[in-house]
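Let me begin by presenting the structure, written as structure tokens, before commenting on it.
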Amino acid sequence: MIDTLIDITLMIFLAVTAFAIIRIRSLFVAIMLFSIFSLHSAGLFVVMDAADVAFTEAAVGAGISTVLMLVTMALTRTEKEKWSTHHAPLPLIVVLITGAVLVYGTYDIPAFGDPGSPAQVHVAPRYLEQSMGEVGVPNIVTAVLASYRGYDTFGEVTVIFTAGVGVLLLLSGRNNRYKRDRDASSGHLRGNSDET
Amino acid sequence: MIEQNLSLLLVVVPLLAAPIAAMLPNGRLPWLLALAVSWLCFILAAWQLMVVIDGDVIQYSLGGWAPPWGIEYRIDALNAIVALLVAAIAAVTLPYALLSIEQEINKEQLSLFYSVFLLCFVGLLGITQTGDIFNLFVFLEISSLSAYALIAMGRDRRALTAAFQYMIMGTIGATFFLIGVGLTYVETGTLNMLDLNQRLQPILEHRTVHTGFAFMVVGIALKLALFPLHLWLPNVYTYAPTAISVFLAATATKVAVYVMLRVVFGVFSNDFVSITPADDLFLLLGVIGVILASAAAISQHDVKRMLAYSSVAQISYMVLGMGFASVYGLTASIVHIFNHALMKGALFMAVGIIVYRIGSSRFKDMAGLGRQMPWTFAAIFIAGLSLIGVPGTAGFISKWYLMLAAIEQQAWPVALAILIGSLLAVIYMWKLIETLFFEKAEQHEIGQGVQQRSEAPLSLLLPLWLLVLANIYFGIETQVLLKATATAVDLLGVADYHE
Amino acid sequence: MIDVIIGHYNYWIVIVLMMAGFYTVISRGNLIKKIVGLNIFQTSVFLLYISIGYVSDGTAPIIAEGFTRYSNPLPHVLILTAIVVGVATTALGLALVIRIKEAYGTIEEDDIHNQDESL
Amino acid sequence: MKHNLILRLIAKYLFPIIALFAFYVQFHGDYGPGGGFQAGVILSVGFIFYAMVFGLKTVEQAVPMSLLRVLASMGVLIYGGTGVASMLMGGNFLDYDLLSQDPVSGQHLGILLVEAGVGITVSSVTLMIFYAFAGRDMPADGEGQ
């Protein structure tokens with residue numbers, strides 16, 4: 001019962017934060033709210049018995065992502081987002097339809113926390129019952145992550161590596177390579193400022 | 001040992017080469033490594049296709065864990081065709097890339113660039129090889145992330161906004177796909193595609209399954225630029241570095257079409273398609289896409305952009321084939337995946353050669369250029385014929401099967417749309433031919449920059465002509481491809497069409 | 001009725017969160033705000049997965065004496081991977097934002113569009 | 001922040017503690033929550049914190065970008081190498097059973113190795129990205145004229 005209460009409270013916090021992010025114009029506040037959102041969802045992961053995920057979400061969402069966003073905000077010297085004057089109805093329609101389809105999709109979904117749902121009785125039981133004998137690691141998440149689905153984790157390391165090399169590729173070029181557009185928007189190109 | 005691990009080596013060799021490339025000094029060494037790896041992969045992929053062409057299936061359990069507990073690679077003729085295609089295009093793009101990339105990318109970034117290129121290649125191969133739906137997502141993201149970085153390296157600053165737009169739409173697509181995977185997982189408890197297929201059959205009526213299907217399909221549709229979700233594509237193909245345009249145009253969307261085929265017919269099933277409006281929707285969007293995108297291609301002022309819109313139209317043909325959900329239809333889709341890669345690869349390469357020489361891809365800058373660059377011009381002409389679907393070229397084969405599928409189901413509006421699409425293709429290709437050959441060069445238009453109106457170096461022409469000749473070869477010698485396709489369609493479990 | 005609500009409220013709120021993030025991505029013109037929205041969207045999808053793996057009266061899937069019922073470890077593993085993919089995308093996206101600012105002097109979609117139109 | 005004595009003092013003594021915690025998370029991942037990824041993030045956060053207080057240059061001298069590039073690559077290669085090793089021993093890719101006489105100790109060894117690969121790549125890439133972002137000084141609007 002107490003779990004359910006914490007669960008609902010956190011969920012409501014999350015919803016409030018998410019809507020505040022839509023409304024708020026200050027980028028700094030939006031980023032900090034995202035950090036809070038991430039931390040709250042980490043709390044929710046703990047309530048739902050996903051300790052590893054909570055740990056990671058707190059470190060990544062509330063940590064690394066937030067820092068990167070703040071650095072970018074500082075570098076781009078943008079504090080407020082421009083409020084566009086026209087409010088196109090299309091995004092709202094798309095979102096409402098998508099949401100409606102999702103709600104429709106929950107009709108046949110097994111109840112929250114049901115131990116007899118297909119996800120709980122197929123594939124997963126083997127990890128819970130046999131991994132101690134087969135892998136010998138008490139933290140089953142580690143066993144699945146590094147062994148049963150070790151190849152996914154190899155892909156994950158590759159994703160991180162891709163991001164690192166990609167960011168380096170994007171941000172290591174110091175030369176101004178936009179020669180042809182220079183006249184169109186002089187002053188904003190770093191090549192110009194390098195010369196002065 | 002190589003044969004036993006064949007399908008895996010195809011992915012792991014370039015994957016291990018990517019970090020090595022990042023550590024190499026700048027210069028031609030990273031390129032040489034990428035080239036060697038791509039040719040090795042080409043050989044491995046060809047070998048793989050030989051093994052499965054008669055209907056055998058290669059099964060490989062990663063980590064030694066039996067599926068569905070572990071991840072498996074499951075290669076049948078369909079995977080093998082697409083993997084061979086990706087490897088082949090990489091193998092011809094890389095020789096071409098040497099000069100064009102040296103012109104477009106800073107010298108001190110070359111080793112990073114080829115490392116990211118290899119990662120993109122790995123991602124695409126990983127998608128085609130895997131038999132696990134979540135593993136597919138992981139490799140999809142490897143290919144996407146590396147593609148965003150590569151596209152942003154274009155010389156025009158609009159390459160940055162194109163990459164950003166693609167990143168937003170691509171990530172939304174991937175997230176939708178993830179939602180779809182989650183919803184099917186909650187109903188089945190498994191992530192293995194074959195296992196999913198079996199466990200989904202009794203619950204095809206479930207609304208959660210329908211929603212999961214919808215989300216997966218929309219997610220993939222964003223990746224394959226299905227009309228009207230194609231908005232990112234024209235900018236990406238126009239502003240990316242030439243070699244990247246060639247590579248992505250010929251592989252990325254084709255791999256996405258493969259994923260669509262695999263998910264719709266391999267994970268769900270033909271039975272599922274027939275009880276949902278999915279097939280009709282594919283036909284509808286395909287017809288609209290063919291006509292509108294072809295029409296849009298005609299009105300472009302930039303050749304790369306025109307080819308990009310043409311790609312949207314050609315992808316719509318593949319979607320049409322899926323919409324028929326028949327043996328002919330799927331044959332057309334798969335054959336067109338292959339053929340379109342050949343023709344679009346050739347066309348983007350040819351335009352890239354022109355850009356290499358005159359530094360622009362706008363129509364007005366290349367007037368009369370065909371006379372000074374006869375080999376490039378001839379290549380555009382032949383690849384253009386293939387794009388239109390003239391008999392004797394590869395493009396004809398896929399159009400032929402698509403027509404057969406339409407006639408078989410007496411879908412006359414679709415047949416008409418295919419004809420109109422070809423007609424529009426004649427118009428926009430003629431526009432290019434006319435500019436290149438019949439218009440006079442306006443001397444005053446030619447300003448500064450790399451102005452050498454003469455034939456390009458051999459290292460650019462050779463890969464181009466390799467693809468052009470492939471267009472002719474696969475237009476005449478159709479046996480191998482059609483045999484592989486027949487096996488693939490058979491394994492997808494689509495029966496002959498019955499009224 | 002009450003059973004349906006207790007069995008589904010979690011999913012419904014998660015759907016609301018997802019759509020809030022999705023809306024931020026597609027309706028906002030500021031590029032950093034778009035990335036914030038993308039992160040909200042993805043984090044909510046992670047919540048969906050973890051909800052799927054939750055077993056009532058269970059405990060975290062770390063084998064210990066005295067526990068017999070554990071939550072499903074598989075969604076946890078998938079989401080660990082997805083979180084990493086998410087932060088990788090964010091880093092790359094933000095790097096693009098910095099480059100766009102350098103090239104255009106703005107990170108508002110409308111202004112960028114206007115500048116390219118005037119070329 | 002460079003002149004704030006308290007911050008400097010805290011940063012100086014906090015760094016080894018953060019590093020120690022990172023190694024704990026790295027190697028205790030078999031028994032409790034954690035593993036290579038979390039450990040890598042924590043370790044890099046230690047460096048980032050240090051860089052924020054003492055300046056990017058100080059950290060860059062100790063851990064230069066070129067070293068990070070090699071480390072990031074090595075992490076992937078360690079992971080892949082573990083897979084290739086099991087392949088050379090006649091098993092499938094990443095089949096740790098064959099890495100040792102006894103399957104379970106083989107699994108332990110394999111997990112240790114791949115988690116080390118993950119940790120190395122994650123910490124170096126995170127730091128690499130931070131360098132790339134923080135080292136990018138941007139001209140103010142209109143400054144270029």
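Applying 0.36 nm per residue to the separation of residue A:9 and residue A:90 and subtracting their alpha-carbon distance, the gain on full extension is 26.0 nm. Rounded to two decimals, the Cα-based Rg/Rh of the protein assembly as shown, with Kirkwood Rh, is 0.95.
Using the Karplus relation 6.51 cos²θ - 1.76 cosθ + 1.60 with θ = phi - 60°, the per-residue 3J(HN,Hα) values for region B:428-438 come to 6, 6, 5, 4, 5, 4, 4, 4, 6, 10, 9 Hz, with x marking Gly and Pro. Taking θ as phi - 60° and the Karplus parameters 6.51, -1.76 and 1.60, the scalar couplings of region B:235-245 work out to 4, 4, 5, 6, 9, 5, x, 3, 4, 6, 4 Hz in sequence order, x denoting glycine and proline.
Ordering A:52, B:279 from the fewest to the most neighbouring beta carbons within 10 Å gives B:279, A:52.
Among C:3, B:302, the order by Cβ neighbours within 10 angstrom, fewest to most, reads C:3, B:302.
Assign one of three labels to region B:366-405, namely rounded, prolate or oblate, based on the Cα gyration tensor with a ≥ b ≥ c the square roots of its eigenvalues; rounded applies when a/c is under 1.5, prolate when it is not and a/b is larger than b/c, and oblate otherwise. The shape class here is prolate.
Counts of other chain beta carbons within 10 angstrom of each beta carbon in peptide A:12-22 average 5.
Were the residues from residue C:1 through residue C:63 laid out at 0.36 nm apart, the gain over their Cα-Cα distance would be 18.7 nm.
Using a ≥ b ≥ c from the Cα gyration tensor of region A:1-81 (square roots of the eigenvalues), is it rounded, prolate or oblate, where a/c under 1.5 gives rounded and otherwise the larger of a/b and b/c decides, a/b for prolate? It comes out oblate by the Cα gyration axes. Expressed per residue, the C-alpha convex hull volume of region B:88-206 stands at 112 Å³. Here the protein assembly as shown carries DSSP beta bridges of which approximately 90% are antiparallel, counting only pairs with both residues inside. Going from the fewest other Cβ atoms within 10 Å to the most, the residues B:342, D:77 appear in the order D:77, B:342.
Each part reduced to its alpha carbon centroid, region D:100-140 and region B:1-78 end up 24 Å apart.
Convex hull volume of the C-alpha atoms in chain B, normalised per residue: 126 Å³. Please give the Cα centre distance for region D:48-89 versus region A:145-175, rounded to the nearest Å. Between the Cα centres of region D:48-89 and region A:145-175 lies a distance of 12 Å. Hydrodynamic analysis of region C:1-113 uses the Kirkwood radius over alpha carbon pairs. Inserted into Stokes-Einstein at 10 °C and 1.306 mPa s, it gives a translational diffusion coefficient of 96 µm²/s.
So what's the angle, to the nearest 10 degrees on a 0 to 90 scale, between helix B:458-476 and the longest Cα principal axis of chain B? With both axes taken from Cα atoms, the answer is about 50 degrees. Extension gain, residue B:301 to residue B:430: 0.36 nm times the residue separation minus the Cα-Cα distance gives 45.1 nm.
Of interest is the spacing of the C-alpha centroids, which for region B:327-397 and region A:70-138 amounts to 42 Å. Shape of region B:277-499 from its Cα gyration tensor (a ≥ b ≥ c, root eigenvalues): rounded if a/c is under 1.5, otherwise prolate when a/b > b/c, or oblate? Cα axes put region B:277-499 in the prolate bin. Remark on residue B:132: its backbone amide H falls under 5 Å from those of B:72, B:193, a criterion applied only to residues 5 or more positions apart or on other chains, H modelled at 1.01 Å from N. Annotation: amide H of residue C:70 within the under-5 Å range of C:59, sequence separation 5 or more or interchain, hydrogens built in the peptide plane. Backbone N atoms of region C:77-112 closer than 13 Å to the 7 Å Cα→Cβ label point of residue B:231 belong to residues C:109-110. Amide hydrogen proximity for residue B:368: with H placed 1.01 Å from N in the peptide plane, the residues at 5 or more positions away or on another chain lying under 5 Å are B:436, B:437, B:438, B:439. In order along region B:130-136, phi translates into HN-Hα couplings of 7, x, 10, 6, 6, 4, 4 Hz, rounded to whole numbers, per the Karplus curve 6.51 cos²θ - 1.76 cosθ + 1.60 with θ = phi - 60° and x for Gly and Pro.
Per the Debye formula with a single identical scatterer at each Cα and no solvent contribution, what log10 I(q)/I(0) holds for region D:1-98 at q = 0.12, 0.15, 0.19 Å⁻¹? The calculated log intensity ratios at q = 0.12, 0.15, 0.19 Å⁻¹ are -0.55, -0.76, -1.00.
A short reminder: the numbers here are calculations on the coordinates, not readings from a lab. The shown structure was predicted, so the numbers you read here are calculated from the model rather than taken from an experiment. A quick note on method: Cβ atoms are made from the backbone with ideal geometry, for glycine too, and the neighbour counts reach across all protein chains shown.
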